[in-house]
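Please read the structure below before turning to the comments.
All of the numbers you see were taken from the coordinates with simple rules; none came from a lab. What you see is a predicted model, and the numbers here were worked out from it, not measured in a lab. Cβ coordinates were reconstructed from backbone atoms using ideal geometry, including for glycine residues, and neighbour counts include every protein chain displayed.
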Amino acid sequence: MNAFVRIVSVAALAAATFPALAATSVKATVNGMVCAFCAQGIEKRLSKMPASQAVFVDLKGKVVVVEAKPGQNLDQKAIAAEIADAGYDVAKMETIAQSVAEFKAGAKAKK
C-alpha cells in the first residue's frame, strides 16, 4: 500500500470514528443588554470580525456566543473590546465546544 492510500485510509477511519469535531466558540456573559436593539448592535459588530462565522445574543440569559470559522481562532480580547466599545460590560468569557446552532438549541430546550 502506498503512502497516499494509507493517509486516505487513516482519514476515513478518523472520520468514521469521530463523526464531527465540535465547533469552537467563545461564550461571553454580558451585562447591560436590555433590548433587541442592544442585541442587534452587538451581533452586527461581532459578525464583522474576520474569524467569526456566526453570532448569537441571548438577552434573557445575558449571553453572547461567537462561533469561529473552520480553521480560525477567535480572539477573546478583541471580542471583549468590541462588546465594551458598544457600551456593555463583559463579566465572563470562556471557550465552549458548541456551535451557535447547538447553543441555541440547548438554550431553547431549557425554556
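Can you compute the charge dipole magnitude of the range 21-110 about its Cα centre, using +1 on each Lys and Arg Cβ and -1 on each Asp and Glu Cβ, nothing else charged? Give it in debye, rounded to the nearest 20.
Its charge dipole is roughly 220 debye.
How large are Rg and Dmax for the range 21-110 when calculated on the C-alpha trace, in angstrom?
Answer for the range 21-110, Rg first and Dmax second: 11.8, 34 Å.
So what are the ³J(HN,Hα) numbers for the range 74-79, from phi and the Karplus equation (6.51, -1.76, 1.60; θ = phi - 60°), rounded to whole Hz, Gly and Pro as x?
8, 9, 4, 5, 5, 5
Please compare each pair in K60/K110; K48/K104; K44/K110; K48/K110; K27/K77 to a cut-off of 24 Å on the Cα-Cα distance and tell me which ones are over it.
Over 24 Å Cα-Cα: K44/K110; K48/K110.
Percent relative contact order of the range 21-110, based on C-alpha pairs within less than 8 angstrom and at least six residues apart?
43 percent
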